[in-house]
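Structure first, commentary second.
The values are calculated or read from the model by the stated rules, or taken from the named source; none is laboratory data. Source: prediction; values computed, not measured. All Cβ positions, glycine included, derive from the backbone under ideal geometry; neighbour counts span all protein chains shown.
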Amino acid sequence: MQIDKKLRLLAVKIGLTALVTLSGFAYAQAVKPNVVILATGGTIAGAGASALNSASYAAAKVPVDKLLAGLPELANVANVRGEQVAQIASESFDNETLMKLGKRVSALVKQADVDGIVVTHGTDTLEETAYFLSLVIRTSKPIVVIGSMRPGTALSADGALNLFNAVSVAGSKDAAGKGVLVTMNDEIQSGRDVSKTINIKTEAFKSQWGPLGMVVEGNNYWFRAPVKRHTAQSEFNIDEFEALAPVDIVYGYGNVPRTLVDSVGKSGVKALIHGGTGNGSVANRVVPALQEVRAKGVQVIRSSRVAEGFVLRNAEQPDDKYDWVVAHDLNPQKARILAAVALTKPVSSKDLQRIFWQY
Ligand code: DGL
């Protein structure tokens, strides 16, 4: 009789322990944020022939499930699941791919069981995608875009920690409302401000205005917040359009012929970005070509090929007289993104200039 009673008591204790453990686990799962990882390719999904191939490799090879399986530590900071939106090297990230990614992000952030989004991406055009999402996704939930400068097969590969940091930040409540972010090389950068400044080192992504903060061992350290409009405060919404406006870039240099402007100007673009020298300056022989383009109703936007600083209105070109717009501190590739979004609906040059001041 005594043994029977002891056995029953033991069974109850084991049952209770299991119940507490499982409920604790369930609670921990429930407490951990749900982060969706949208993979698009790039070096972070790349593979080299050997560990010594840190710069020569094939991009966009490893599928998202394999990326996640290779990083079990992600489970320490979030419940994660992956989707393969594309599998390309990002130099080929065209408007259609941007729209496909943006529509998926917009749908996911509306789901109550999604707390944050990570996009894995090639580094070549990562800055364009990050800025695009900051303009058109109406959410305050964290969206983090990342890539890597070395493939996962290389010595000192940077992708795993970039991905871990991205998931950690995307699941952080204190990352909400800060616009689209880029967590590369331990820094938390603004998707609007950041650009790829070096093509051969892991410390590749910089902003002339500095990072927003740092992420170290899963903890975020913030030092500033964005002041330009983005995400939930944006006037643009990807749910309201199906395609970006055609906008292209002409790169300025000493011997640039006007024919480049002539050909872009008659290709059906709604705006032409002029990546000028210095303060967005335009060669004398090109000015009349830009005036003719403007006269045909195409917006002319002066950016600069110079990495830092910003283009001043009416400084070296009479923008008021020519009815041109200045891109402020946006480099030509980011200016193209903003114009392509802004011109999805009719906008005057005056209002377009307001948009370039605000975003
Ligand atoms: N082809 C480049 C790209 O996909 C590789 C660079 C990288 O992803 O780091 O952007």
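Of note:
- Residues of the range 255-275 that are of a type in the set (A, V, I, L, M, F, W, C) and touching a Phe, Trp or Tyr at 6+ places or on another chain (Cβ under 9 Å): L260 alone.
- Inter-residue pairs, beta-carbon under 8 Å, first at negative phi and in the range 65-77, second modelled with pLDDT under 95, 6+ apart: L67/I44; L67/A45; L67/G152; G70/G152; N76/G218; V77/G218
- Figure legend. Inter-residue proximity from the range 97-126: first residues under 18 Å from S168 (Cβ atoms) and assigned to a strand (DSSP E or B), second residues away from the ligand (no atom under 16 Å from the Cβ) and charged (D, E, K, R), beta-carbon distance below 8 Å, spacing 6+ or different chains. Indicated pairs: G116/K141; I117/K141.
- Summed over the range 186-205, the residues that are under 19 Å from E308 (Cβ atoms) and in a loop (DSSP other than H, G, I, E, B) give a count of 10.
So that you can scan it fast, the table gives a plain yes or no per residue for (1) under 14 Å from the mean Cα position of the chain (by Cα); (2) at pLDDT below 95; (3) surrounded by fewer than 21 Cβ atoms within 10 Å (Cβ to Cβ); (4) within 16 Å of the ligand (Cβ to nearest atom):
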| position | (1), (2), (3), (4) |
| --- | --- |
| V114 | no, no, yes, no |
| F132 | yes, no, no, yes |
| V145 | yes, no, no, yes |
| G171 | no, no, no, no |
| G177 | no, no, yes, no |
| V182 | yes, no, no, yes |
| D193 | yes, no, no, no |
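- Test result for K141, assigned to a helix (DSSP H, G or I) and either basic (K, R) or within 12 Å of the chain's Cα centre (by Cα) (or both): no
- For the range 83-96, residues that are in a helix (DSSP H, G or I) and within 16 Å of the ligand (Cβ to nearest atom) total 3.
- Residue count, the range 195-218 (criterion: free of Cβ contacts under 8 Å to residues at least 24 places away in the same chain and either loosely packed, with under 13 Cβ neighbours inside 10 Å or at positive phi (or both)): 4
- Residues being crowded, with 21+ Cβ neighbours inside 10 Å, assigned to a loop (DSSP other than H, G, I, E, B) and within 16 Å of the ligand (Cβ to nearest atom) are entirely absent from the range 65-82.
- Residue in the range 300-311 that is among the aliphatic types (A, V, I, L, M), within 20 Å of V136 (Cβ to Cβ) and out of contact with any Gly (no Cβ under 8 Å at 6 or more places or on another chain) present: yes
Residues checked against (1) of a type outside the set (A, V, I, L, M); (2) part of a loop (DSSP other than H, G, I, E, B); (3) within 26 Å of F132 (Cβ to Cβ); (4) over 25 Å from the mean Cα position of the chain (by Cα):
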{"residue": "L272", "(1), (2), (3), (4)": "no, no, yes, no"}
{"residue": "V287", "(1), (2), (3), (4)": "no, no, no, yes"}
{"residue": "R294", "(1), (2), (3), (4)": "yes, no, yes, yes"}
{"residue": "G297", "(1), (2), (3), (4)": "yes, yes, yes, yes"}
{"residue": "D320", "(1), (2), (3), (4)": "yes, no, no, yes"}
{"residue": "L330", "(1), (2), (3), (4)": "no, yes, yes, no"}
{"residue": "K334", "(1), (2), (3), (4)": "yes, no, yes, no"}
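- Residue selection: E96 satisfies the criterion of being surrounded by fewer than 14 Cβ atoms within 10 Å (Cβ to Cβ), more than 30 Å from A49 (Cβ to Cβ) and not basic (K, R).
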